[in-house]
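The values are calculated or read from the model by the stated rules, or taken from the named source; none is laboratory data. A quick note: this is a predicted structure, and the numbers were derived from the prediction, not measured. Note that each Cβ is placed from the backbone with ideal geometry, even for glycine, and that neighbours are counted across all protein chains shown. Just the protein is used for accessible areas: all its heavy atoms, side chains included, with ligands, DNA and RNA removed. Shrake-Rupley method; radii C 1.70, N 1.55, O 1.52, S 1.80 Å.
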Amino acid sequence: MAAISCSASDLQPLLGAAANATAAAQYICGRFDAVSNKFVDTAYAVDNTYLLFSAYLVFAMQLGFAMLCAGSVRAKNTMNIMLTNVLDAATGGLFYYLFGFALAFGTPSNGFIGQHFFGLNKFPSQSFDYGYFLYQWAFAIAAAGITSGSIAERTQFVAYLIYSSFLTGFVYPIVSHWFWSADGWASPARADNLLFGSGVIDFAGSGVVHLVGGIAGLWGALIEGPRIGRFDHEGRSVSLRGHSGTLVVLGTFLLWFGWYGFNAGSFLNILKAYGESGSYYGQWSAIGRTAVTTTMAGCSAALTTLFGKRLLSGHWNLTDVCNGLLGGFAAITSGCSVVDPWAAIICGFVAAWVLMGCNKLAEKLKYDDPLEAAQLHGGCGSWGIIFTALFAKKAYVDEVYSGQPNRPYGLLMGGGGKLLAAHLVQIVVIVGFVSLTMGTLFFLLHKLKLLRISSEEEMAGMDVTSHGGLAYVYNEECNDPAMLKPGFVVSRTAPPSSAV
């Protein structure tokens, strides 16, 4: 918000020819300037408070990821998967602070990589305050959390630390620079030379966050191979069900709650009028609409999955519905700010079928992803990128991206195919770059025998072999130090094998 100025020389003639007119004009302008500055300070405070609150919501999604992951794996690996989620946040925090934020938003820079603010040097600035760093860090660790679900129950702990550091400190920041930094080669915020005259409208990260995390997880799971017992000797799929539907639902609702910060918070500020001041309609209205489109996409996807799985398998499946809901959220994340609620319902409907189709394909290819993370975030994220290029509304695009008039908008809304072309480029470059970087990293870890645990450890469970004991104490035997040794076999007094 710009300060409103007051000039004593302009005000003095209006006060007449009194002897104290000059002093009165100076006094009035001084008081006026002080009040104006207070309004400017208040605007900064409101916008930064909004951004910080959104950052807290996105960070709360880590708890959602942890609960969802814990419920989706077998009980014998519960502590392992929850610890990886804790360390995604902790490791990601340090590496994003040292390198990630600078590579992503270190302006001025070139179109491919940021060059300033390493270790938050010369921070804050006119462009960024600390709340912005916190918000972007929460996004970075979300991408790492997605990947951890794909390689759950069979990955060495050191591999988690290595890939999480590399993803949050290097891979994710470079991708986010391309599409979100004002200097990025495909950013819609560029001052000129926009990709296809538009740039990529990936508002909250169907591509930058979800597709990046999904493709990274895809390569990790492909290189590791499926879990022991996931497919029988004839290649038929065997369900290795997670141990707690309760934790799955808890994690799903926490992620739903946090997604409002993820999508609506991506406006970064709230005190912005569209058109003349004094209207009921402004950025606050667009934020509300974004929350509604997010909700509609998730609800549509959940119900589509519910009835779709009922038709396909004959069951009302809790876990599938929760994953379908999250698939709808992952898809709408790209276009949440520039589409109408009715379009978001279409987005969620298609996302549910995309997820079910990806799961069928994964089963046929004998690909094992305990949380369906690559299918959900990669598949539904890709659909969300395409959906935005089809349904982005001109009026909303002009409001949210007001710096460049007459931008291309959704193909099905009459905006031509330029936005779709830009979005197809986004999918290709993200898949290519993440495959090159994360695929190479996972391959090197595999060759160095740092990626997958031994078959004995996998059968016993990583809680016992790596973390000092089980997450749940069922009986006194669980306190026996002997069970902490690799190769320990759970006795018949422990829970049935389907639970562990």
Any hit, region 475-489, residues being of a type in the set (Val, Ile, Thr) and at pLDDT 95 or above: no
Evaluation of Lys122 against (1) in contact with a Leu (Cβ under 9 Å, 6 or more places away or on another chain); (2) more than 25 Å from Ala75 (Cα to Cα); (3) not β-branched (Val, Ile, Thr) (one fails), failing number: (1)
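Could you go through region 206-216 and let me know if any residue there is open to solvent by 50 Å² or more (accessible area, probe 1.4 Å) and not hydroxyl-bearing (Ser, Thr, Tyr).
Scanning region 206-216, I find no residue that is open to solvent by 50 Å² or more (accessible area, probe 1.4 Å) and not hydroxyl-bearing (Ser, Thr, Tyr), so the answer is no.
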Given (1) of a type in the set (Gly, Ala, Ser); (2) crowded, with 19+ Cβ neighbours inside 10 Å; (3) under 30 Å from Gly439 (Cβ atoms), index of the condition Gly225 fails: (2)
Gly242 modelled with pLDDT under 95 and within 30 Å of Lys366 (Cβ to Cβ): yes
From the options Lys393, Lys418, residue that is touching a residue at least 24 places away in the same chain (Cβ under 8 Å), closer than 19 Å to Phe267 by Cβ, open to solvent by 50 Å² or more (accessible area, probe 1.4 Å) and not acidic (Asp, Glu): Lys393
Residues of region 73-111 that turn out to be open to solvent by 10 Å² or more (accessible area, probe 1.4 Å) and assigned to a loop (DSSP other than H, G, I, E, B), as a count: 6
Qualifying residue in region 153-165 (condition: part of a helix (DSSP H, G or I), in contact with a strand residue (DSSP E or B) (Cβ under 6 Å, 6 or more places away or on another chain) and of a type in the set (D, E, K, R)): no
Number of the exception - Leu470 against (1) buried (at least 20 other Cβ atoms within 10 Å of the Cβ); (2) more than 24 Å from the chain's Cα centre (by Cα); (3) more than 19 Å from Ala159 (Cβ to Cβ); (4) modelled with pLDDT of 95 or more: (4)
Filter result for Lys366 (on the phi > 0 side of the Ramachandran plot and in contact (Cβ under 8 Å) with a residue 24 or more places away in the chain): yes
Residue match in region 288-304 (condition: at negative phi, in contact with a strand residue (DSSP E or B) (Cβ under 7 Å, 6 or more places away or on another chain) and among the basic types (Lys, Arg)): no
Selection count, region 442-458, where residues are in contact (Cβ under 8 Å) with a residue 40 or more places away in the chain and open to solvent by 30 Å² or more (accessible area, probe 1.4 Å): 5
Selection status of Ser125, open to solvent by 20 Å² or more (accessible area, probe 1.4 Å) and either at pLDDT below 95 or of a type in the set (Lys, Arg) (or both): yes
Residue pairs meeting the criteria (Cβ under 9 Å; at least 6 apart or on separate chains; first without any contact (Cβ under 8 Å) to a residue 60 or more places away in the chain, in region 214-241; second charged (D, E, K, R) and exposed (fewer than 15 other Cβ atoms within 10 Å of the Cβ)): Val238/Asp232
